[in-house]
Amino acid sequence: MQLPRILTLCSFVLVTSLIKAQETTLDIVQQQLDTYNEQDVDGFASLFAENAQVFMALNEADPTMNGREEIRARYGKMFAENPKNKSTLMGRMVQGNYVFDHELISGRKDTFKIMAIYEVKDGFIQRCWFIK
């Protein structure tokens, strides 16, 4: 009977598609981390959707940054003021189109840890939350 083979093939295609989507999500967030550490503000900003939202806390109703241009402006200023700024990845988890990064931020006045949550859709970071 062909039905078990068809079901097996369909399952394989579904699992392969899910793995590919997860890799793409992870690739985008890794590129974001790499361009952040290179202080490449244009490369960094290009990974965010035109209408991306960045929240500095989980309970914020309104985003701190709204849109790619605000993200570019704020991070451009931060990179210029902190030329040794770096983020060291301490841990990472992926759940669907969300990536959870535990990061150590150094090269500023103070060194600190954050949790960053990235929501990726359509090849861009749509929303991001930071938790100190």
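Is the range 17-107 best put as rounded, prolate or oblate by its Cα gyration tensor, with a ≥ b ≥ c the root eigenvalues, rounded for a/c under 1.5, and otherwise prolate when a/b is larger than b/c, oblate when not?
Working: a/c = 1.55, a/b = 1.29, b/c = 1.21.
Prolate is the answer for the range 17-107, as a/c is 1.5 or above and a/b outweighs b/c.
Which entries of Lys86/Lys113; Lys84/Lys113; Lys77/Lys113; Lys86/Lys121 have Cα-Cα distances beyond 19 Å here?
Working: Lys86/Lys113 12 Å; Lys84/Lys113 16 Å; Lys77/Lys113 21 Å; Lys86/Lys121 26 Å.
Check vs 19 Å cut-off fails for Lys77/Lys113; Lys86/Lys121.
Determine ³J(HN,Hα), in whole Hz, for all residues of the range 99-110 in sequence, where each value follows from phi through the Karplus function 6.51 cos²θ - 1.76 cosθ + 1.60 and θ = phi - 60°; x replaces Gly and Pro.
10, 10, 10, 9, 10, 10, 9, 9, x, 10, 4, 10
5 Å is the cut-off here: which amide hydrogens, built 1.01 Å from N in the peptide plane, fall below it relative to Ile125, excluding neighbours closer than 5 in sequence?
Result for Ile125 returns Phe48, Ala49.
Any read-out appearing in this document is the output of simple, stated calculations on the displayed coordinates, not a laboratory observation. Quick caveat: nothing in here was measured; it's all calculated off a predicted structure.
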